[in-house]
Amino acid sequence: MTENRNYQLKEIKEMLLLQGEDASSLHREANSLTENLFGKSVFVRGIIEFSNVCAKNCAYCGIRRDNRKVKRYHMDKDYIKQIIFEAYRDGFRTIVLQSGEVDTYDHDITEVIEYVKSKCDIAITLSMGEKSREQYVEWKKAGADRYLLRIETTNKKLFKTLHPDDDYENRLKSLLTLKELGFEAGTGVMIGLPGQTAEDMANDILFFKEHDFDMLGVGPFIPHNDTPLKGHTSTAFEKVLNFVSAMRLVTYDTNIPATTSMATLERDGREMALNAGANVIMPNYTPQIYRESYKLYENKICTDEDAERTMELTRATVENAGKVLVMERGDRRARRDEQKQCAGTSVNRPGDSN
Ligand code: SAM
Ligand code: SF4
């Protein structure tokens, strides 16, 4: 259970295929490492889905460009600021601004970040897709802290079939640019994509480790009826848990959320993930009137609740998992630096017994 343990592809693949008591034992091992690293703490991040306008046509996604049934919306920048301040007053210290992929509102978001950062200490994560280096620089200068951009799958052939508008190398380049610019960088994949193998998923985890990403957002693929992938079945939930546990063991101290899609596939899915290696929860903070229009997949949970109810349910989820909800920023890099400093201090401190 050390950070330097190098897991091989074969071992990871074996973990992903475990079943029954063997799978439960893997989940317990990952939970035990998680508690060694974070105690019982679960960090919370509020997601604001500020726009569902998207120029892209990812084959799996319910808000893809060609889905004409979606009622498109975009929140005004002053309204986005207001929601962030409400989240801050409710105790959130990280918010995630997420949207479809268009360039139209990019400068509005710069203004939102600058304004919010001048008023309160809240970490801002962006999840707005692939952008130019210049755009990422503009957001970093404005004060954005983190960026989430899922690679979705590291199987390049599968990536191509799912993303008519995207190029794998370009997605990777965006991720590396984000890291180079000093963002805490997050990526992730969907589990159970049509044609995806256990070997692909083991490679996904090695990819996370190789590039030392800070946040790993994963969830099951769930079909949406108005997409080309309608009618496909989702994966068994045990596979999702195995993936979470394997990620924890291989990537050690990354921030791993128990995601909404997990709870959509399995009612207690987030509780189970919080006991199998996850240490973050991301409740939806989008005003209720917009939630139904941000339906990425069928039966997405939380669309008929307001922010207050979502927060109550989030607390209950964390408590049911036997964990403690923590309203802190939960930065991975700051935590690492602190730990290094502590280790240095304890070595040099005179009078220490060990
Ligand atoms: N447009 C940005 C992007 O693509 O990075 C951010 C928003 S996008 C809706 C956020 C994530 O939703 C994607 O990275 C994808 O993994 C997930 N997603 C989309 N459709 C999904 C589906 N049918 N099942 C599970 N997750 C899905
Ligand atoms: Fe657009 Fe993101 Fe959905 Fe792709 S995954 S269609 S970029 S919102």
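Brief remarks on what is shown
- Taking the criterion of being away from ligand 2 (no atom under 16 Å from the Cβ), of a type in the set (Val, Ile, Thr), surrounded by fewer than 24 Cβ atoms within 10 Å (Cβ to Cβ) and assigned to a loop (DSSP other than H, G, I, E, B), the residues of segment 224-264 that qualify are 233, 235, 254.
- Given (1) open to solvent by 30 Å² or more (accessible area, probe 1.4 Å); (2) assigned to a helix (DSSP H, G or I), number of the condition residue 159 does not satisfy: (1)
- Within the option set 200, 212, 204, being surrounded by 22 or more Cβ atoms within 10 Å (Cβ to Cβ), modelled with pLDDT of 95 or more and more than 16 Å from ligand 2 (Cβ to nearest atom) holds for one residue only, 204.
- Any chance residue 137 is farther than 20 Å from residue 216 by Cα, over 21 Å from the mean Cα position of the chain (by Cα), among the aliphatic types (A, V, I, L, M) and open to solvent by 10 Å² or more (accessible area, probe 1.4 Å): yes
- Some residue of segment 66-77 being assigned to a loop (DSSP other than H, G, I, E, B), crowded, with 18+ Cβ neighbours inside 10 Å and not polar (S, T, N, Q): yes
- Here residue 297 passes the criteria (1) in a loop (DSSP other than H, G, I, E, B); (2) farther than 23 Å from residue 239 by Cα except the one numbered (2).
- Sole residue being closer than 30 Å to residue 93 by Cα, modelled with pLDDT under 95 and charged (D, E, K, R), chosen from 3, 35: 3
- Residues in segment 41-65 that are of a type in the set (Gly, Ala, Ser) and away from ligand 2 (no atom under 13 Å from the Cβ) were compared, and the one that is least open to solvent (accessible area, probe 1.4 Å) is 46.
- Residue check for residue 129: within 12 Å of ligand 1 (Cβ to nearest atom), assigned to a loop (DSSP other than H, G, I, E, B), at pLDDT 95 or above and under 30 Å from residue 245 (Cβ atoms): yes
- Some residue of segment 101-108 being away from ligand 1 (no atom under 12 Å from the Cβ), among the β-branched types (Val, Ile, Thr) and surrounded by fewer than 16 Cβ atoms within 10 Å (Cβ to Cβ): yes
- Pairs linking a residue in segment 290-311 that is under 18 Å from residue 51 (Cα atoms) and open to solvent by less than 40 Å² (accessible area, probe 1.4 Å) to a residue that is of a type in the set (A, V, I, L, M, F, W, C) and in a loop (DSSP other than H, G, I, E, B), with Cβ atoms under 7 Å and 6 or more positions apart or on different chains, are 291/302; 293/70; 294/63; 297/222.
- Residue in segment 118-151 that is nearest to ligand 2 (Cβ to nearest atom), counting only those that are more than 16 Å from residue 166 (Cα to Cα) and free of Cβ contacts under 8 Å to residues at least 24 places away in the same chain: 134
The values are calculated or read from the model by the stated rules, or taken from the named source; none is laboratory data. Note that this is a predicted model, so its numbers are computed, not measured. Using ideal geometry, Cβ is built from the backbone for each residue, glycine included, and neighbour counts are taken over all protein chains shown. The accessibility values were calculated without ligands, DNA or RNA, using every heavy atom of the protein model including side chains. Shrake-Rupley method; radii C 1.70, N 1.55, O 1.52, S 1.80 Å.
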